[in-house]
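Notes follow the structure.
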Amino acid sequence: MKELIIAFAGNPNVGKTALINSLSGAKLKIGNWPGVTVEKKEAELTYNGVKIKLVDLPGIYSLSPYTIEEKIARDFLLEEKIDAIINVIDATNLERNLYLTSQLLDLEIPTVIALNMWDEFEDKGYRLDIEKFEQAINAKVITTVATKGKGVNKLLKAIISTSEKQNKPNFLKLSQKIEESIEELINYIPEDFQLPKRWTALKLLEKDEYFYERMEKKDLLGKLPREEIIDDVRKRLEKYFGEDIGTLIPEERYGGVNSIVKNVLRRPVERKRELTEILDSIFLNRMLGIPIFLLLLYLVFLFTFNGSGPFIDWTDGFINGYIGKWTGIILSKSPPWLTSLIVDGIIGGVGLVLSFVPLMFFLYFFLALLEESGYMARVAFVMDKLMKGIGLHGKSFVPMVIGFGCNVPAIYATRALEDEKARKITALLIPYMSCGARLPIYALFTAVFFRHGQAGVVLSLYVFGIAVAVIVGLILKKAVFKGKAEEFLMELPPYRVPTLKMIWSSMWLRTRAFVIKAGTIIFITMIFLWALINIPYGAPPEKTILGVTARTIAPIFKPAGFGDKWQAVAALIPGTIAKEAVVGALGQAYGAGEEEEGKEEKSSFWEDSIDQIKGFFVAIWESLKSLATWKSSIFEMEVEESPLLKKIKNAFTPLSSYSYMVFTLLWIPCIVTLGAIYQEFGWGILGFSILLTTLVPYIASTLVFSIGKFLGF
Amino acid sequence: MKLNELSPGEGGTIIRIIAGDQKLKRRLRDMGIVKGETLVLEKVAPLGDPIEIRVKGYKLSLRKREAEQIEIEKLNKEAL
């Protein structure tokens, strides 16, 4: 069957994704563009026996190759076999959108223009002569309202007919003098050159470095006109206009756009004060802007963690308590190690991944809300000054704060950042945000050594984490992610009411991607850790692989104050499954065991199943209830009196316990976070993150211990 | 005068971009900062940086460091 490949190109926030969603019946798939972390969205559909693949190119303002997004879009358009481009345009912002259009038309690929947000356009009192517009560019122009599915069928028909006819669009004419120069250069380009000639001529004139890079790679440099010829043409132009070429061409393009707009667009006589301006006078207010942002962020934080909490507990109970328990019963005749591998290792691993699903759902709901409404850009605007000092972006603030709840969704929240460098730095610093799972560790140690002033000590650890993030951030900016920071040029899009469909699609797609991609690596690591902790099976803790290794390497931690305690070192490894597991692992290693859960109530499979279903509805109720409370439960600590407390009292001093807490705070957050980093950034950044979360805690806790000792603690 | 010297509500016509950095220059042009265009300074961020301008019918935010690179001629309020 024939397959058409259709590329959707356009500025950011013009509704490309919504349009593809409407066309394909929400069958989007997401992944990454090869080699980079920019999101790639695709969908397939069949129409009248024709298979159509829709590719959502990153939102861009220009085809100049200065951002990764621009490079991706350009490479795709020039190097893939594309049947048609759908240029999606925000009709309410015609002029700036058409600037990109003028560059797309130069590619000589059959094009359809989708004038999106047509309802808003008409509401504002604009008028447009579509026929004239179509004639001017020799391409179909379809008006659409992507969020309401309007114009979608027409667009689909236009896509098919345009790709079948393969008629090339007209380009937007620049001024006479430049057109002459382009003609002159085209004469020197061989007839059979692979790339569109007018576009090539323009790139040659502009001395586009990326263009030359690609030509060299494809061994096409020899086919290009000689350097002197190009230089000569360029110099004549620059002299004539008294401007350098880099200024000239964009200005000419805008000129070309202007003359079309003048011809086809009628603006309303009076400009109304728009909703966006009213909202911005509140959200960007010099006094209120920051407090409002902090309040909104607090609400997102609260609703994400409180709302998902009951579901996380339920999922955990369902997998480990129900599926795990009954699998154990079914397997009761098989060797105990096998049962443990299946129940603790495999089912436990699946459970670990799935227990994050509710959290992902809630997080993506709020993130999509912030993004789709246009508020996220305001966050960057309001917070930028505070964050840029350590190489971060205004938008970095959101993932950092989410990190205090859980590092995993925080890693995914970095998606809001377009600046690749800032995004990587943010992800590398997130593990230093003390998440909720670290609290049980603090609770245990502060209960033993800092009975009075427990809250103060815990708070000091949060601050410690932030301080480390700032320092590491500064070092990363100076030493690793060198070079000039990317400019902060950001559109503040108009506020729009997000559609539930878009939010749902974002939640669903991304949660699924998490389960599949991050889930796989988490699952494998989980089984590996099971082996470390349990082999040889049935041996006491100090004889397992983990125990033996911990006893060997423990002396390394001498400068940090807990080198004489192999138990403390060993507990760090289960701590990578989930931070709170450090507490249980300490208990086991110290032989203080939790009281055997022993008295398991006898219940039938049937009763258990009903309990699970009941439990699910209780979780819904609890979640709704917790959304109504304004207090976050994530910062609550509880410690039970246990034999472990006594053991710890004997093994640690207040100073070495603080050093140990610092270490667990800064050490690898958990394998789920690592899985998330891998999914989002690949092996390189994952390795670097592991290095940072191993080296930094070692240095920090050593410093804490040495300075503490020097001061006489 | 330079763009960063405007106060909120004031505007002007773009004369040129001073920046020697070709990349920045190009990015600004792509975003619609071209000669002869009128822009208005809409807002300054709560912490004093960045700023928000209206140009070509949309809102763009940029840092003061970049705004310093844009030379403009101030216009009367009536002309905006």
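Any idea which of A:L63, A:L23, A:L98, A:L57 is surrounded by 20 or more Cβ atoms within 10 Å (Cβ to Cβ), modelled with pLDDT of 95 or more and not charged (D, E, K, R)?
Working: A:L63 fails: modelled with pLDDT of 95 or more; A:L23 fails: modelled with pLDDT of 95 or more; A:L57 fails: modelled with pLDDT of 95 or more.
None of the others qualify; the one that does is A:L98.
Applying the selection to region A:231-250, what residues are among the hydroxyl-bearing types (S, T, Y) and away from chain B (no Cβ under 14 Å)? I'd like the intermediate steps shown before the answer.
We begin by selecting, within region A:231-250, every residue among the hydroxyl-bearing types (S, T, Y); these are A:240, A:247.
Listed by number, the list holds a single entry, A:Y240.
Tell me which residues, restricted to region B:63-80, are open to solvent by 10 Å² or more (accessible area, probe 1.4 Å) and more than 9 Å from chain A (Cβ to nearest Cβ). Reasoning before the result, please.
Taking region B:63-80 as the starting set, the residues that turn out to be open to solvent by 10 Å² or more (accessible area, probe 1.4 Å) are B:63-65, B:68-69, B:71, B:73-80.
Once the filter is applied, which keeps residues that are open to solvent by 10 Å² or more (accessible area, probe 1.4 Å) and more than 9 Å from chain A (Cβ to nearest Cβ), region B:63-80 yields B:K64, B:E68, B:Q69, B:E71, B:E73, B:K74, B:L75, B:N76, B:K77, B:E78, B:A79, B:L80.
A:Y537 fulfils the conditions (1) on the phi < 0 side of the Ramachandran plot; (2) surrounded by 14 or more Cβ atoms within 10 Å (Cβ to Cβ); (3) not polar (S, T, N, Q) except for a single criterion, (2).
For region A:424-450, what are the residues that are touching a Leu at 6+ places or on another chain (Cβ under 6 Å) and open to solvent by 10 Å² or more (accessible area, probe 1.4 Å)? The answer is A:V448, and nothing else. Among residues belonging to region A:442-482 that are in contact (Cβ under 8 Å) with a residue 60 or more places away in the chain and among the small types (G, A, S), point out the one that is farthest from the other protein chains (Cβ to nearest Cβ). Once the filter is applied, the top-ranked residue is A:A447.
Can you tell me which residue is most open to solvent (accessible area, probe 1.4 Å) among those in region A:270-293 that are assigned to a loop (DSSP other than H, G, I, E, B) and either closer than 16 Å to B:P46 by Cβ or facing chain B (nearest Cβ under 8 Å) (or both)? Checked region A:270-293; the qualifying residue most open to solvent (accessible area, probe 1.4 Å) is A:M287.
The numbered conditions (1) over 29 Å from A:K71 (Cβ atoms); (2) within 14 Å of another protein chain (Cβ to nearest Cβ); (3) of a type outside the set (A, V, I, L, M) are all true for A:F362 except (2).
Residue-wise test of (1) over 22 Å from A:H393 (Cα atoms); (2) of a type outside the set (S, T, N, Q); (3) within 8 Å of another protein chain (Cβ to nearest Cβ).
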site: B:P8; (1), (2), (3): yes, yes, no
site: B:I17; (1), (2), (3): yes, yes, yes
site: B:L28; (1), (2), (3): no, yes, yes
site: B:T38; (1), (2), (3): yes, no, no
site: B:P46; (1), (2), (3): no, yes, yes
site: B:K56; (1), (2), (3): yes, yes, yes
site: B:S61; (1), (2), (3): no, no, yes
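Residue count for region A:66-76, restricted to those that are within 12 Å of A:A7 (Cβ to Cβ) and surrounded by fewer than 20 Cβ atoms within 10 Å (Cβ to Cβ): 2.
Within the option set A:I142, A:I72, being among the β-branched types (V, I, T), farther than 22 Å from A:N258 by Cβ and in contact with a Pro (Cβ under 6 Å, 6 or more places away or on another chain) holds for one residue only, A:I72. Total residues in region A:367-381 satisfying the condition of being away from chain B (no Cβ under 14 Å) and either polar (S, T, N, Q) or open to solvent by less than 30 Å² (accessible area, probe 1.4 Å) (or both): the figure is 4.
Give region A:402-419 a look and list any residue that's more than 14 Å from chain B (Cβ to nearest Cβ) and open to solvent by 30 Å² or more (accessible area, probe 1.4 Å), or say none. I'd like the intermediate steps shown before the answer.
Within region A:402-419, the subset more than 14 Å from chain B (Cβ to nearest Cβ) is A:402-417.
Answer for region A:402-419, where residues must be more than 14 Å from chain B (Cβ to nearest Cβ) and open to solvent by 30 Å² or more (accessible area, probe 1.4 Å): A:F404, A:R415.
Of the residues screened, A:E39 is one that is touching a residue at least 12 places away in the same chain (Cβ under 8 Å), under 24 Å from A:L492 (Cβ atoms), of a type outside the set (S, T, Y) and surrounded by fewer than 20 Cβ atoms within 10 Å (Cβ to Cβ).
If you go through region A:251-262 and pick out every residue that is closer than 21 Å to B:D21 by Cα and more than 10 Å from chain B (Cβ to nearest Cβ), you end up with 0.
Residues in region A:155-178 that are of a type in the set (G, A, S) and closer than 26 Å to A:N21 by Cα: A:A158, A:S161, A:S163. Here's a check for you: in region A:657-713, which residue that is more than 22 Å from the chain's Cα centre (by Cα) and not in a helix (DSSP H, G or I) is surrounded by the fewest Cβ atoms within 10 Å (Cβ to Cβ)? The qualifying residue surrounded by the fewest Cβ atoms within 10 Å (Cβ to Cβ) is A:G712. Apart from one condition, A:A7 fits all of (1) within 19 Å of the chain's Cα centre (by Cα); (2) hydrophobic (A, V, I, L, M, F, W, C); (3) in a strand (DSSP E or B); the exception is (1).
If only one of A:D344, A:D384 is open to solvent by less than 40 Å² (accessible area, probe 1.4 Å), out of contact with any strand residue (DSSP E or B) (no Cβ under 7 Å at 6 or more places or on another chain) and among the charged types (D, E, K, R), which one is it?
On the way: A:D344 fails: open to solvent by less than 40 Å² (accessible area, probe 1.4 Å).
None of the other options fit; the residue is A:D384.
Filtered by the rule that a residue be in contact (Cβ under 8 Å) with a residue 24 or more places away in the chain and either open to solvent by 60 Å² or more (accessible area, probe 1.4 Å) or touching a Ser or Thr at 6+ places or on another chain (Cβ under 7 Å) (or both), region A:320-341 gives A:N320, A:I323, A:P336, A:W337. Exactly one residue among B:A19, B:A67, B:A45 is modelled with pLDDT of 90 or more and over 11 Å from the mean Cα position of the chain (by Cα), and that residue is B:A45. Scanning region A:552-580 for residues being open to solvent by 30 Å² or more (accessible area, probe 1.4 Å) and not β-branched (V, I, T) gives a total of 7. With respect to A:T549, is the statement that it is open to solvent by 50 Å² or more (accessible area, probe 1.4 Å), at pLDDT 85 or above and assigned to a helix (DSSP H, G or I) true? Here the answer is yes, as A:T549 does meet what is asked. Set side by side, the residues A:K168, A:K177 differ, and just one is within 30 Å of A:L221 (Cα to Cα), of a type outside the set (V, I, T), touching a Phe, Trp or Tyr at 6+ places or on another chain (Cβ under 8 Å) and open to solvent by 70 Å² or more (accessible area, probe 1.4 Å), which is A:K177.
The values are calculated or read from the model by the stated rules, or taken from the named source; none is laboratory data. Given the structure is predicted, the values throughout are model-derived calculations rather than measurements. Note that we place each Cβ from the backbone using ideal geometry, even for glycine, and neighbour counts take in every protein chain shown. Ligands, DNA and RNA are excluded from the accessible area calculation, which covers all protein heavy atoms including side chains. Shrake-Rupley method; radii C 1.70, N 1.55, O 1.52, S 1.80 Å.
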